[in-house]
1. Can you tell me which of Arg228, Arg214 is of a type in the set (Lys, Arg) and more than 23 Å from Pro133 (Cβ to Cβ)?
2. Give segment 188-198 a look and list any residue that's open to solvent by 20 Å² or more (accessible area, probe 1.4 Å) and more than 16 Å from the chain's Cα centre (by Cα), or say none.
3. Mind listing just one residue for me: the one in segment 7-54 that is small (Gly, Ala, Ser) and open to solvent by less than 80 Å² (accessible area, probe 1.4 Å) and, of those, nearest to Pro92 (Cα to Cα)?
4. Using the structure shown, decide if Leu174 is open to solvent by 40 Å² or more (accessible area, probe 1.4 Å), away from the ligand (no atom under 16 Å from the Cβ) and touching a residue at least 24 places away in the same chain (Cβ under 8 Å).
5. If we only count helices (runs of 4 or more DSSP H) wholly inside segment 87-156, which ones have 3 or more residues that are open to solvent by 60 Å² or more (accessible area, probe 1.4 Å) and either within 16 Å of the ligand (Cβ to nearest atom) or under 29 Å from Leu56 (Cα atoms) (or both)?
6. For Pro209, which of the numbered conditions (1) within 15 Å of the ligand (Cβ to nearest atom); (2) open to solvent by 30 Å² or more (accessible area, probe 1.4 Å) fails to hold?
7. Pairs, please: C-beta under 7 Å, at least 6 apart or cross-chain, first residue in contact (Cβ under 8 Å) with a residue 40 or more places away in the chain and in segment 314-336, second open to solvent by 60 Å² or more (accessible area, probe 1.4 Å) and within 10 Å of the ligand (Cβ to nearest atom)?
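The values are calculated or read from the model by the stated rules, or taken from the named source; none is laboratory data. What you see is a predicted model, and the numbers here were worked out from it, not measured in a lab. Glycine gets a Cβ as well: all are built from the backbone with ideal geometry, and neighbour counts include every protein chain shown. Accessible surface is based on the protein model in full, side chains and every heavy atom, while ligands, DNA and RNA are left aside. Shrake-Rupley method; radii C 1.70, N 1.55, O 1.52, S 1.80 Å.
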Amino acid sequence: MNDTFLKACRGEKTAYTPVWFMRQAGRYLPEYQKVRGKVTFLELCKNPELCTEVTLQPIDIFDFDAAILFSDILIPMEAMNLRLEFHEGRGPVFPDPVRSRQEVDELIIPDPEETMPFVLETIRLLRNELKVPLIGFSGAPFTLATYLIEGGSSKVFYQTKRMMFEEPALYDALLRKITRCTSLYLQAQARAGAQALQIFDSWAGILAPVDYARFALPYVQSIITDLRKVTDVPIIYFANNGSTLIEHTVTAGADVLGLDWRLNIKEGIARIGEHAVQGNLDPMALFLPKEELEQRIKQLLEDAAGARGHIFNLGHGIQPQTSPDQARIAVEAVHRFSGR
Ligand code: CP3
């Protein structure tokens, strides 16, 4: 078992810098497209054999140092009793958004073993196959709430901020339910065999720091506090576009903080104190000519040399248009420049 990734998460010395990419299983891979061509995205997410296959694809192809469970952050939201659809080119849609007291009251807190057995089965299947650690994941409550309240993706988050400011008690009731659901879901993943857990806060960066502290952070803290009582797997918290929020995100309780590319990693490391760091190459840097891409990776590794544990990653998910050859060049460069 290659445990370099887990060591880096715990801030222990490693022989080289471990690397994985957010969204490493997905549309940029012809191998994924082939599987996806036969089923819808939701059918794929609910089929443990196929989920196992697409999770393993990038590990076999690129030699990543960690695998991430193939699923989606919105799967447990469907289990809360909501209709969820994925529309080609438009992303996720909740046809019945959650905006009233009655709609919040109608949400259930699902038992993960009963409602999402396919996720837990995928984890068990993967653990039999993998020689690198398996990362489980969830969305952060605030990010999940934006999808429920807006009814899908958004640019200005009008409905979400309106509810936060005009109806804070209703917002809190909704967030508490999502938090409880997420907490049970991550605990179930750890029980099933996930060896690290990442919480994706993809939209944290749209909040003013004062609002992040009140309307997003406490729910993340609550999940991590619950997890610490039942498991010691490393916890990674990724607040996308979060460089203005670091003074708050360091108090979330995670072992590792993920950084997006907008902040120089050296500066980030100086501000996150005792945490290990994950990141933070701009996903678009994979479109640079080989020499420039390698130079950037070399520089990033040097900038991160002072970290108490560095896990190399992109600063957000890999773009679907990325050439797999470029991904291969990047992974190889991380390994070579860091001494593997
Ligand atoms: O390889 C991996 O990272 C594991 C699988 C994974 C997916 N989604 C598969 C997926 C993970 C970890 C996610 C997380 C996720 N899902 C996030 C947080 C990370 C981030 O990017 O900020 C968010 C916000 C979602 C919600 C979501 N799912 C959106 C907005 C979309 C549509 C846009 C898009 O990227 O396609 C999805 C669909 C989705 N999730 C796909 C995949 C591979 C594409 C589906 C397809 O095959 O058509």
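1. Arg214
2. Arg191
3. Pass one, segment 7-54, residues small (Gly, Ala, Ser): 8, 11, 15, 25-26, 37.
Now restrict to residues that are open to solvent by less than 80 Å² (accessible area, probe 1.4 Å): 8, 11, 25-26, 37.
Numbers: Ala8: 34, Gly11: 36, Ala25: 18, Gly26: 16, Gly37: 18 Å.
Among those that are small (Gly, Ala, Ser) and open to solvent by less than 80 Å² (accessible area, probe 1.4 Å), it is Gly26.
4. no
5. Hits in segment 87-156: 117-129.
6. Here Pro209 meets the rest and fails (1).
7. Every condition considered, the pairs that remain are Gly317/Arg23; Ile318/Arg23; Pro320/Arg27.
Rundown of residues vs (1) surrounded by fewer than 14 Cβ atoms within 10 Å (Cβ to Cβ); (2) in contact with a Leu (Cβ under 8 Å, 6 or more places away or on another chain), yes/no style:
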residue: Leu281; (1), (2): no, yes
residue: Lys298; (1), (2): no, no
residue: Asp303; (1), (2): no, no
residue: Phe312; (1), (2): no, yes
residue: Pro320; (1), (2): yes, no
residue: Ile329; (1), (2): no, yes
